[in-house]
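One structure is given below, encoded as structure tokens.
The values are calculated or read from the model by the stated rules, or taken from the named source; none is laboratory data. Since the model is a prediction, treat every value here as computed from it, not as a measurement. So basically every Cβ, Gly included, is an ideal-geometry build from the backbone, and we count neighbours across all protein chains shown.
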Amino acid sequence: MTAQKAKQRAAIPSWGSLSSFHKTKLVFLAAAFFSFVLSVSLWFLVDREIGLFVGLWVPAIHSLGTLVLVEEGTGQ
């Protein structure tokens with residue numbers, strides 16, 4: 001392994017090295033991304049109304065994540 005590849009690998013944090021705040025943030029971002037992909041898939045492959053319904057989950061997941069992360073940041 002070259003020195004440059006070793007530096008790049010060292011720059012990418014592992015799951016264990018992340019704080020609980022960042023782990024929580026990544027979980028909510030992953031859930032919202034999955035919901036978005038599912039929504040688009042349903043919109044084009046199944047039914048537009050079902051895709052629209054699932055698409056409404058994305059802002060709801062982001063809002064819930066914001067509430068959870070704000071409370072976690074204040075220590076309550």
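Quick notes on this structure:
- Scope segment 1-44; condition at pLDDT 95 or above and in contact with a Pro (Cβ under 9 Å, 6 or more places away or on another chain); matching residues: Ala32
- Test for Phe44: is it under 13 Å from the mean Cα position of the chain (by Cα) and either aromatic (Phe, Trp, Tyr) or outside any helix (DSSP H, G or I) (or both): no
- When residues of segment 61-76 are limited to those that are touching a helix residue (DSSP H, G or I) at 6+ places or on another chain (Cβ under 9 Å) and hydrophobic (A, V, I, L, M, F, W, C), the one nearest to Leu29 (Cα to Cα): Ile61
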